[in-house]
1. Identify which of A:105, A:174, A:160 has the largest mean-square fluctuation in a Gaussian network model of chain A, with springs joining Cα atoms closer than 10 Å.
2. Starting from the Cα gyration tensor of segment B:188-316, take the square roots of the eigenvalues, sort them a ≥ b ≥ c, and report rounded, prolate or oblate (rounded when a/c is under 1.5, otherwise prolate if a/b is larger than b/c, else oblate).
3. May I ask what percent, to the nearest 5, of DSSP beta bridges between residues of segment A:2-255 are antiparallel?
4. Kindly provide the Kirkwood hydrodynamic radius of segment A:116-256 in Å, to one decimal, from all pairs of distinct alpha carbon atoms.
5. To one decimal place, what Kirkwood hydrodynamic radius in Å is obtained for chain B from all pairs of distinct Cα atoms?
6. Can you pull the mean other chain C-beta count within 10 Å for peptide A:84-93?
7. Need the full-extension length gain, residue B:24 to residue B:105, defined as separation in residues times 0.36 nm minus the C-alpha distance. One decimal, nm.
8. Using Cα pairs under 8 angstrom and six or more residues apart, how large is the relative contact order of chain B, in percent?
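What follows is calculated from the coordinates using simple rules that are stated; it is not laboratory data. On a predicted model such as this, the values are computed, not experimentally measured, just so you know. Cβ coordinates were reconstructed from backbone atoms using ideal geometry, including for glycine residues, and neighbour counts include every protein chain displayed.
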């Protein structure tokens, strides 16, 4: 079944066309990657899909619902959860609290409940505390749970962002260049986590610069260049695709 | 670390801080009670400003938004109380709640369009809100009595019980501040409070997790307005007199000082800041004509050496994790 369907998605900033007529389908349960050189329009594409940027033309359908003009928080509530290329940490909170914020969509209660603290709310707070620990253990940050999130090294902040996104109960997880700025060891740990997430049945849409990572873990890859989709296929097909090699991989495969 | 111990750590540290702060404040209040006189008035005003600051902290501290205009709602509370009590002979407690209700509605009406702005623009818009309210309170003489203001506002009370003794007034105000702090602490450590604090550092991150930013900003703004209104009403009842100047730009400056000296974004900071910033002028008064310079000097030193506010001092000597999970640090 197709979980995310993008048709003719276009974004123009004044004269510049950042995304031109991009169409792709992400199957439920798959691990889909979008790659492309810097400035190819990957993040623009991502921002439109997650509702952070209005599109100029085209449509986005998620789980059978048109989400093209939907507000970010409503898209998130449908189960489309994203992370950011520039980590958006809640610096003033602990690592565990960051994940607890992630449970926002999965919990309820406003001002009144917070003041009265009825039994169901206490149970809910207990519950998310336990689950937050589990998610931190899952990404390997269990030991840092009570640290200030802002004190985490960059690579761990990325993992924390993934754990936080997982707390929101995604059906589709959008990861925006999660390996950017990570060393080889951290990238391996991240690849492991992403594959485990996918193994739990969560569809993953990944934007990545690190071709090695992508060809290793993705089931299907779409390649963007100058705002257009120039190829789509399995990792093996993409590696051999002449346009892709010309545009991107030709200079990158040796060190990837 | 296992889960149960982490929970007990949180509660334990919260308790530790509350007790430490309470002892310090307690000693101070004992001194004020024994000494009496002018100091009582200073502390009464500190408590009233404290109520205002606890509310402002929701918007500026937890949510990280700038408002230079929350004094508008203090004015609404003060004048609401004055008009309802003096002109219509309402019960003070009813007038206080009625004014809060009016302020709440007004803050929704004003906040809905205003909170679309961010950063400096939001600061300017809210500042204008305070200035407009000031002008209204000066010009709309048939209701506000202009510069003359209102006098003869009855003291706080319910039915036949009125609080007229200066010491009792302070006790009542302290109870109200403690209640305000209790609400603040409970809300801070809840789903609601976490959403506010998430917004303060990353609106992008918060909205990607499904948090409706505009909704929560407005909620924090309204809470701040409710506290401000209550503070305005309390001022009217305790002092018995209000004028436009009471809720003017001076109030914005004073409450900002309190918030930052005490620790913006912490639970106890606003109350601690209100007490310290109210007492400080009295302490430096002994320096005679240099008192303004001395006051400014102390403030600058505080902001340089305790940038996170005095409530952060309670965190000294505690392990890092405790400090970060503690609502007061």
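1. Highest fluctuation of the listed residues: A:105.
2. Numbers: a/c = 2.66, a/b = 1.48, b/c = 1.80.
Oblate shape, in that a/c is at least 1.5 and b/c is the bigger or equal ratio.
3. Working: 21 of 38 bridges.
Around 55 percent of the beta bridges assigned by DSSP in segment A:2-255 are antiparallel ones.
4. On the way: mean 1/r = 0.0589 Å⁻¹.
It is 17.0 Å.
5. Numbers: mean 1/r = 0.0491 Å⁻¹.
For chain B, the Kirkwood estimate is 20.4 Å.
6. Per residue, the number of nearby Cβ atoms from other chains is 5 on average.
7. Numbers: separation 81, 0.36 × 81 = 29.16 nm, distance 3.77 nm.
Extending this stretch completely gives an extra 25.4 nm.
8. Numbers: 500 pairs, mean separation 100.9, N = 329.
About 31 percent, as a whole number.
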